[in-house]
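Structure first, commentary second.
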Amino acid sequence: MGNPFEYAPAPESRAIVDIAPAYGLFIDGTFAEAADGGRLKTVNPATEEVLAEIAVGGEADVDRAVKAARKAFKSWSALPGAQRAKYLFRIARLIQEHARELAVLESIDNGKPIRESRDVDIPLVAAHFFHYAGWADKLAHAGLWRSRTNEHSGADPKPIGVAGQVIPWNFPLLMLAWKVAPALACGNTVVLKPAETTPLTALRFAEICVEAGLPNGVVNIVTGAGETGRALIAHPDVDKVAFTGSTAVGKEIARTIAGTRKRVTLELGGKAANIVYDDAAIDSAVDGIVEGIFFNGGQVCCAGSRLLVQESVADELLASLTRRIKTLRVGDPLDKNTDVGAINSAAQLSRIQELVAAGEAEGAERWSLAGELPGKGFWFPPTVFTGVTQAHRIARDEIFGPVLTVQTFRTPAEAVEKANNTAYGLSAGVWTEKGAKALWTAQRLRAGVVWTNTFNKFDPASPFGGFKESGFGREGGRHGLEAYLDV
Amino acid sequence: MPSAILADPAEVTSSEAALRRFLHGLPGVDRVGTEARAAMLATRSIKTDAKVAAIDLAIRMIDLTTLEGADTPGKVRSLCAKALHPDPGAPDTPRPAAICVYGDLVAEAKAALGDFGVHVAAVATAFPSGRASLDVKLADVAYAVAAGADEIDMVIDRGAFLAGRYRDVFDEIVAVKAACARGEAAGGGSAHLKVILETGELSTYDNVRRASWLAMLAGADFIKTSTGKVAVNATLPVTLVMLQAVRDFREATGRQVGVKPAGGIRTTKDAMKYLVLVNETVGSDWLDPDWFRLGASSLLNDLLMQRQKLATGRYSGPDYVTVD
Amino acid sequence: MSERLEVLKTYKLYVGGKFPRSESGRVYAVTDSKGRTLANAPRGSRKDARDAVVAARKAFPGWSGATAYNRGQILYRIAEMLEGRREQFATEVAAAEGVNRTRALAAVDAAVDRWVWYAGWTDKLAQVAGGANPVAGPFANWSTPEPTGVVAVIASQRSSLLGLTGAVAPVIATGNTAVVLAAGASALPALSFAEVLAVSDLPGGVVNILTGHPAEIAPTLASHQDVNAIDLTGVAPDAGVASARDLEIAAADNLKRVLRPGPKEPDWTADPGTARMLAFTETRTVWHPTGH
């Protein structure tokens, strides 16, 4: 009979989504073409099929969107918090109602497995709106009423104004939620630019805003590529810039807004260490390492890309890890049993390939999961490098793909030293059954989020953001309000 | 993992202190991570051809069970008939692995099952509580073996385990294993020994891992979750921890041990989740009735209804499977 | 043809997610402000109170152990279900309180909005009222507000739906379970409100609603050893037999947390702040060493 558990294909139905041939920009409550008629194509990275044509916003479009947001700001910010809350609750509920559709759309446009978009991304999106809906009428309780620039800001803190928000392609709708929900809750209006390769869920979100009855101009979605983002950030009437993406672009933004009164929060790259001590719960540590680097194909800024394992258990841990990776199922993102989907774009794939080649050239030992990858689309197999040192480029540069580097350490102090020896500081992981050691380590890691005995956990109540070149500002929870209040 | 820590199995069981050192030296089990892993695997989707094959495999893995105070020879004969002809309308339906009964009904079951290859398993050792003297427990086992039981499902002494008297638990399993030997007149050999850990009473996953190793070191052929008689019976995360244990034990000793979750597994969906757990934790070596069993009773009919659905395209109902 | 005869509702208690009649087998006539009978309400007994406390205690582990997000979703669901019954409650509130329809509608709307307000608090109170404590030593140390347990609520006898909401929502938002006594004008709207709770994914027993004579039930709840706290807001100064002070004395036997009534009916439309939530929480502080 053979093993029946070469599970048969179990594709999630695509019929639930209805993708239009072309989309305009969502400005002031309506969709419109770009002023200069610019278009780009968004493709399914698993098949290279063109999904739709997307308008490319230029300076004139950005200006129109910022003006719409400015106009809407007056009445939106004047609404009682409880009213803003109700809009956000409506949006949260509509996202819950359309959850499966959004999950499928996200997987088609991004390439991530449906299991992740269905069980992680979209539920978190709804939860994020739900959470910040509740804050909208409780800002006076947030303990954020100190004021530097606004003499009117008292116990009831005031919004900043028009927020220009630029988000990445790895968690398209979730990053939108992280940006839009707190901004609106605090009374700001937004112009958001989704990533050029993953605009579809943001455009669907625009329709949800209409369905929720959100006043025109409160949310504006201007699609496009890098130039569109630059125009948005540089626009003189944008009061607040929020960006998630690469550290290189983050630095460019910091230079662009220098000398202006613009507020900024940046959530940038990472090169997280995942530290496994010899007294860890090994089976769960292995699961956590896999979750840390292969969740979303490692295209995660907080991915646990550097495994630091105590030398005394390194061999046995790596044997378990390899065995576990061999059970990963790479392929069709819409198959419910897929663990690792497609790489989001050809450009990203070539960056991964380049860094992996550098790792091999510098003498690290590469192991990749065997097995045939789909002929079309952008794919890279789960890969582990051993024999890596701090000097290797793959241990220092963010790869943003399913590639893990392994180093060993002898003592907790050495683990912390190696973990912190990076320009980044977004996240880190610690695995030990000894609570005191977990906390000791966590307190010494220069990272914005430290997971102990778990990895890649997110919650709207939990602040997220980086140290050092991973950016500044926090998203999530009470702390996330600060970025959108004039305090 | 433990090839390093189990260089000499005889050494680690040589004394109470050595046994304790070994069991407490096993890596901890993280509750949250283990449950998350089991929950993630429960989302696997088994469709079409894979489902057809998996349903038949699950049927072949069932220990069809009746363990009631009200059991009678008539009830056992009825259950045996069900095992031999699970679905009278579909003669190609495979048979379950075994019938599981109390020791006093083994002879009845043996006679009813004939030579069709369906085993008789007997619960023994003062099942389900295990509260009796060792002599009584061994007599219980010997009686069932003499009556023709192919497999013995014993319970460990949970009181001794929770009190930290690991060596007592170990010695008792060793003694029961010896009592499983058949006389020359009965053809020699030994009844297969399944050791019930009663994980619902052990409470922690660390205990489940330690009890699994303890039972395997003492000679268990199978480790089994539950009697089905306490509040918490088989669960996916408990079974995951036990599968990790048999995997690591084989790696350390070369000996393969089977796993049997029992109690509370009622639907085809449940059964599929357990098979997925096996597949992704220990692999296809265990995807066989010799190495994985499902202790259940109502599960069989649900599998049969699903089987009919796959054959006909229509959902079946309880009137189209036999009640026994 | 004769005119259609109206089908009248039999009002029943709400205990453990079910709608039992009073164990006493008795009812009493509830009248409007002009003394006209509106309907009969069950006359809850001491045994009904006892059963309600048992139900609330049984529901406590599940409700307090639910995630704050989950509790928020359910409180929001209550708001959704109440919004859909706006007309019904406007009629009931107007009849019960003797106010005009406009004021009754305003009270219903305010009650809906109050549920939304507390729905948003479930996963925020710990960030506002709790936090990390920078102790001098190698320790991690943090404090969180935790629910106190079973809370008896003597609900406002004047503000039927809004007063009931204002008292019950903060109790359950933080994970407590409640036994509510709704008397006076509140009786009938409270029992109808139980029908909202019953369809809002709220686990049975989290909120239990009794009607009857406060003199009979309130002392039972105040002295009950398995009740952790009591909200005396609805004890009217003219209630007679059991004054708020008597109830507070009875509550002292197991050191119940007591929320005393104010000098007059609270303004239920005002921003309630966090006081009512914090009245029924305990602060738990955890010390954990750091080292290797």
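The numbers here are math on the coordinates, done by the rules we state, and not lab data. Because the structure is predicted, anything quoted here is derived from the model rather than measured. Neighbour counts are summed over all protein chains in view; Cβ atoms, including those assigned to glycine, are modelled from backbone coordinates with ideal geometry.
The table for this structure:
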{"quantity": "With Cα atoms, 0 to 90° folded angle of helix A:247-256 axis to chain A main axis", "calculated": "30"}
{"quantity": "Trypsin sites (Lys or Arg not before Pro) within segment B:230-322, DSSP loop, no more than 15 other Cβ atoms inside 10 Å", "calculated": "B:ARG255, B:ARG266, B:ARG314"}
{"quantity": "Sequence-distant residues sharing a close amide H with C:ALA183 (under 5 Å, placed H)", "calculated": "C:ALA155"}
{"quantity": "Electrostatic dipole magnitude of segment C:27-289 [Cβ: Lys, Arg +1; Asp, Glu -1; Cα centre; debye, to 20]", "calculated": "200"}
{"quantity": "Choice from B:GLY283, B:GLY189, B:GLY103 showing the highest fluctuation, given a GNM over chain B with Cα pairs closer than 10 Å", "calculated": "B:GLY189"}
{"quantity": "For segment C:9-60, convex hull of alpha carbons as volume per residue, Å³", "calculated": "84"}
{"quantity": "Candidates C:GLN127, C:GLN157, C:GLN73, ranked by Gaussian network fluctuation over chain C, Cα under 10 Å, top entry", "calculated": "C:GLN127"}
{"quantity": "Chain B: angle of helix B:48-61 to the longest principal axis, Cα-based, in degrees nearest 10", "calculated": "60"}
{"quantity": "Sum of -39500 (n - 2.57) over DSSP H runs of 4+, divided by residues of chain A (222 nm, nearest 500)", "calculated": "-11000 deg cm²/dmol"}
{"quantity": "Segment B:33-313: C-alpha pair distances exceeding 36 Å, %", "calculated": "11"}
{"quantity": "Cα Rg, Dmax, segment C:27-289, angstrom units", "calculated": "18.3, 69"}
{"quantity": "Kirkwood Rh in Å, taken over all unlike Cα pairs in segment B:284-323", "calculated": "11.7"}
{"quantity": "Candidates per trypsin sites (Lys or Arg not before Pro) in segment B:101-145, loop by DSSP, up to 13 other Cβ within 10 Å", "calculated": "B:ARG131"}
{"quantity": "Under the Debye formula (equal points on every Cα, no solvent term), log10 I(q)/I(0) of segment B:1-54 at q = 0.19, 0.29, 0.31 Å⁻¹", "calculated": "-0.75, -1.07, -1.12"}
{"quantity": "Virtual spin-label span in nm between A:GLU33 and C:ARG257, 7 Å along Cα→Cβ", "calculated": "6.3"}
{"quantity": "Whichever lysines have a C-alpha closer than 29 Å to that of A:LYS158, once near sequence neighbours (fewer than 8 apart) are set aside", "calculated": "A:LYS67, A:LYS71, A:LYS74, A:LYS86, A:LYS138, A:LYS179, A:LYS193, A:LYS240, A:LYS251, A:LYS262, A:LYS468, C:LYS124"}
{"quantity": "Positive-pole candidate from B:SER14, A:ALA370, C:ASN208, dipole of the protein assembly as shown, charges at beta carbon", "calculated": "C:ASN208"}
{"quantity": "Unit Cα scatterers, Debye sum, the protein assembly as shown: log10 I(q)/I(0) for q = 0.06, 0.07, 0.09, 0.10 Å⁻¹", "calculated": "-0.58, -0.79, -1.22, -1.37"}
{"quantity": "Per-residue mean of C-beta atoms belonging to partner chains within 10 Å, peptide A:248-260", "calculated": "0"}
{"quantity": "Size of segment A:273-336 as Cα extents on the principal axes (Å, biggest first)", "calculated": "40, 25, 15"}
{"quantity": "Rounded to 10°, Cα long-axis angle of helix A:435-444 versus longest principal axis of chain A", "calculated": "60"}
{"quantity": "Proportion of all alpha-carbon pairs of segment C:177-272 beyond 23 Å (%)", "calculated": "29"}
{"quantity": "Overall Cα dimensions of segment A:81-191 - principal axes, largest extent first, Å", "calculated": "49, 24, 20"}
{"quantity": "Cβ charges +1 (Lys, Arg) and -1 (Asp, Glu), total dipole of chain A, debye", "calculated": "1520"}
{"quantity": "Choice from B:ALA81, B:ALA146, B:ALA185 showing the highest fluctuation, given a GNM over chain B with Cα pairs closer than 10 Å", "calculated": "B:ALA185"}
{"quantity": "Anchor C:LYS34: aspartates and glutamates whose Cα lies under 17 Å away (excluding residues fewer than 8 positions away in-chain)", "calculated": "C:GLU92, C:GLU97"}
{"quantity": "Charged-residue dipole, Cβ positions (Lys, Arg, Asp, Glu), the protein assembly as shown about Cα centre, Debye nearest 20", "calculated": "2400"}
{"quantity": "Alpha carbon convex hull of segment B:63-181, volume per residue in cubic angstrom", "calculated": "106"}
{"quantity": "Loop-exposed GluC sites (Glu not before Pro) per DSSP, neighbour cap 10 Cβ within 10 angstrom, longest uninterrupted part of chain A", "calculated": "A:152-371"}
{"quantity": "Excluding exposed DSSP-loop GluC sites (Glu not before Pro) (at most 10 other C-beta within 10 Å), longest clean stretch of chain C", "calculated": "C:7-292"}
{"quantity": "Two-decimal Rg/Rh across segment C:66-218, once Rg and the Kirkwood Rh are taken from alpha-carbon atoms", "calculated": "1.06"}
{"quantity": "Cα-based Rg / Dmax (Å) for segment A:273-452", "calculated": "15.6, 49"}
{"quantity": "Expected-Rg normalisation [2.2 N^0.38 Å, Cα atoms] applied to chain A", "calculated": "0.96"}
{"quantity": "Convex hull volume of segment B:128-208 per residue (C-alpha atoms, cubic angstrom)", "calculated": "89"}
{"quantity": "Lysines whose Cα lies under 23 Å from that of A:LYS437, excluding same-chain neighbours fewer than 8 positions away", "calculated": "A:LYS271, A:LYS418, A:LYS457"}
{"quantity": "Sparse-neighbour loop sites [trypsin sites (Lys or Arg not before Pro); segment A:245-282; at most 11 other C-beta within 10 Å; DSSP]", "calculated": "A:ARG261"}
{"quantity": "Coarse-grained scattering of segment A:158-317 at q = 0.10, 0.14 Å⁻¹, given as base-10 log I(q)/I(0) from a Debye sum over alpha-carbon atoms", "calculated": "-0.47, -0.76"}
{"quantity": "Quarter of the Cα convex hull surface for segment A:382-481, i.e. its orientation-mean projected area (nm²)", "calculated": "7.2"}
